[in-house]
Amino acid sequence: MNDGRPQILFLVHRVPHPPNRGDRIRSFHLLRFLAARADVHLAYLSEDPPPAETIAVLDGLCRNVAAVRLGRRRRWLAAARTVGLGRTATEGLFCSGALRRLVTNWASRIQFDAVVVFCSSMVQYLDARELKGVPVVVDLVDVDSQKWLDYAARARGLRRFLFNLEGRRLRRLERALPKRARAVTLVSQSEVDLYRGFCPTDVVHAIPNGVDLDYFQPANTIDGEREETCVFIGALDYRANLDGVSWFCEHVWPQIRRRRPEARFELVGSRPGVVARRLGALPGVELIGPVEDVRPSLRAAQVVV
């Protein structure tokens, strides 16, 4: 029995807590917004068991919560299989028979008023016969196909071929969404314009990310003398972030250092790999890596990149 509130099925490709990286920040705040207005039945994929704090937060927001495990090796085998079948590697990486069965089970028992799908990788679960006729909202966040096509433009050989293949197939998936979704949402108007460039439609909308200014309270002054510091904050294992920071370090940072020899550029973010460590060895660049709270880094910097 429900209390008259709308029943929403929310499918996410990654646990939406803690909100400490771009996709989790967006999916968590979307979840919190929906939970204040409806009974949310959340299902997400996870390689590792969620921590107790995450379970407590999600249980406090949702009517039902299900974490479906994905094995790392099986994910890549599934990706190879879906590519061989003419689909995207993205779908294979987030393909789970257990999640399909869960969606079918929930949809056979619960009369959902809407389905919210987070990212293109989860669109495949809309194929459940029990969801036929249920209104769907797909939050693509960004036009993922363009990311892969951009990667291809900078790659060579087999990688170029595979990136192009993924980009073209993802674009085919994205182009088909208006036929099955009441709304497709993206993070900015520029992404909407990009999407409409290959799929003219009036069902696509820009839903920008916001900033919690109670939590991220700007500080005009800090204790002590402020140093000449630039900072970049973001996941340091994400190719797009690394491309941007690498470009900045190659084309912009040397000019700043010539004018401000004492200036420092700090890289703050999770899971820094080889590229981040290489950048951290450049003159005036410091790899900070993961921190518990990004606010001190933001407040101490004169410039945020």
Picking from 291, 205, 31, whose Cα lies most toward the positive end of the charge dipole for the chain (charges on Cβ: Lys, Arg +1; Asp, Glu -1)?
205
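Note down the net charge around residue 40, summing +1 for each Lys or Arg and -1 for each Asp or Glu among other residues with Cβ under 15 Å from its Cβ.
On the way: positive: 5, 32, 37, 63; negative: 3, 39, 59, 113, 139.
Counting the neighbours of residue 40, the net charge comes to -1.
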At the level of C-alpha centres, the distance separating segment 91-163 and segment 252-305, in angstrom, is 35 Å
What distance in nm separates the two pseudo spin-label positions at residue 304 and residue 64, each 7 Å out from Cα along the beta-carbon direction?
3.9 nm
Between residue 209 and residue 259, what's the calculated FRET efficiency when r is the beta-carbon distance and R0 is 22 Å? Round to 0.05.
0.10
Among residues other than residue 267 whose Cβ falls under 10 Å from its Cβ, what is the net charge (Lys/Arg +1, Asp/Glu -1)?
-1
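What 222 nm value per residue comes from the helices of the chain, counting each DSSP H run with n ≥ 4 as -39,500 (n - 2.57) and dividing by all residues, nearest 500 deg cm²/dmol?
Only helices count here, giving -12500 deg cm²/dmol.
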If each K or R counts +1 and each D or E counts -1, the residues other than residue 70 whose Cβ falls under 11 Å of its Cβ total +4
Quick calc, segment 20-158, dipole around Cα centre from Cβ unit charges on Lys, Arg (+) and Asp, Glu (-), nearest 20 debye, gives 480 debye
Residue 53 paired with residue 81, simple spin-label distance in nm, labels 7 Å along Cα-to-beta-carbon
3.6 nm
Let's see if you can work this out: charge +1 on each Lys and Arg Cβ, -1 on each Asp and Glu Cβ, no other charges. What is the dipole magnitude of segment 96-163 about its Cα centre, in debye to the nearest 20?
400 debye
Dividing the surface of the Cα convex hull of segment 158-305 by four yields a projected area in nm² of 12.3 nm²
Over segment 26-148, what is the relative contact order in percent, taking alpha-carbon pairs closer than 8 angstrom and at least six residues apart?
17 percent
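When the Kirkwood radius is taken over all Cα pairs of segment 1-154, what Stokes-Einstein diffusion coefficient follows at 37 °C and 0.692 mPa s, in µm²/s? It would help to have the intermediate numbers written out before the result.
Working: Rh = 16.2 Å.
Estimated via Stokes-Einstein, D reaches 202 µm²/s.
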Taking a probe of 1.4 Å, how large is the accessible area per residue of the chain, in Å²?
56 Å²
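When N counts the residues of segment 40-106, how does its alpha-carbon radius of gyration compare numerically with 2.2 N^0.38 Å, as a ratio? If you can, show how the numbers build up before the last one.
Numbers: Rg = 13.8 Å, N = 67, 2.2 N^0.38 = 10.9 Å.
This ratio for segment 40-106 stands at 1.27.
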I need to check one value: relative contact order of the chain, counting alpha carbon pairs closer than 8 Å and at least 6 residues apart, in percent.
12 percent
Which whole-number value in Å³ per residue fits the convex hull of the alpha carbons of segment 132-235?
180 Å³
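What are the semi-axes of the equivalent ellipsoid for segment 73-176, taken as the square roots of 5 times the Cα gyration tensor eigenvalues, largest first, in whole Å?
Numbers: eigenvalues 166, 50, 17 Å².
They are 29, 16, 9 Å, listed largest first.
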For a quick check: with amide H placed at 1.01 Å from N, whose amide H comes under 5 Å from residue 70's, ignoring anything fewer than 5 positions away on the same chain?
46, 47
Relative counts (whole %) of C-alpha pair distances in segment 138-187, using bins that are 5 Å wide:
5, 23, 25, 19, 13, 9, 4, 1
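Which semi-axes, in whole Å and largest first, does the equivalent ellipsoid of the chain have when worked out from the alpha carbon gyration tensor as the square roots of 5 times its eigenvalues? Present the calculation step by step, with values, prior to reporting the outcome.
Details: eigenvalues 261, 122, 66 Å².
The answer is 36, 25, 18 Å, longest axis first.
The values are calculated or read from the model by the stated rules, or taken from the named source; none is laboratory data. Note that this is a predicted model, so its numbers are computed, not measured. Cβ: placed from backbone, ideal geometry, glycine included. Neighbour counts: every protein chain shown. Accessible surface is based on the protein model in full, side chains and every heavy atom, while ligands, DNA and RNA are left aside. Shrake-Rupley method; radii C 1.70, N 1.55, O 1.52, S 1.80 Å.
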